[in-house]
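Visitor: Sharing a structure below in C-alpha cells format, with a few things to ask.
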Amino acid sequence: MRNCKEVTALVIAREDRDLPVIERAALRVHMVMCKACPTFERQVLTMRNAMRQWRNYTDDE
Ligand SMILES: [Zn+2]
C-alpha cells in the first residue's frame, strides 16, 4: 500500500511522465480510501488546466 507522501509524489510525477499501470492502480486504490489525497489531486488538476489556458493565451499573442 502506498502512503499519502508517495501518492502525492506520484500525482506530481504523472504531470511529467506516464506512470506504469501498477502505479496508476495503486494511485486509484489510495484515492478511494484517502480523504486528503483526492483533494490534493483536484488542486493539481486545477493548476494544470490553469497552466494550459495560460499557455494557449500566450500562444495567441
Ligand atoms: Zn492519501
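Visitor: Which ones in segment 1-35 are modelled with pLDDT under 95 and in contact with a Pro (Cβ under 9 Å, 6 or more places away or on another chain)?
Guide: none
Visitor: Within the chain, considering only helices (runs of 4 or more DSSP H) that don't extend past its boundaries, which have at least 3 residues that are within 10 Å of the chain's Cα centre (by Cα) and either within 16 Å of the ligand (Cβ to nearest atom) or loosely packed, with under 15 Cβ neighbours inside 10 Å (or both)?
Guide: Values: elements: 4-16, 21-33, 36-59.
Because the criterion is at least 3 residues that are within 10 Å of the chain's Cα centre (by Cα) and either within 16 Å of the ligand (Cβ to nearest atom) or loosely packed, with under 15 Cβ neighbours inside 10 Å (or both), the helices (runs of 4 or more DSSP H) in the chain that meet it are 4-16, 36-59.
Visitor: State which residue pairs qualify: first residue farther than 15 Å from M1 by Cα and inside segment 28-50, second residue within 13 Å of the ligand (Cβ to nearest atom) and among the aliphatic types (A, V, I, L, M) in any location, beta carbons under 6 Å apart, and separation of 6 or more residues or different chains.
Guide: P38/M31; E41/V11; V44/V11
The values are calculated or read from the model by the stated rules, or taken from the named source; none is laboratory data. This structure is a prediction, so every number in the text was calculated from the model and none was measured. Here Cβ is always computed from backbone atoms with ideal geometry, including for glycine, and neighbour counts include all displayed protein chains.
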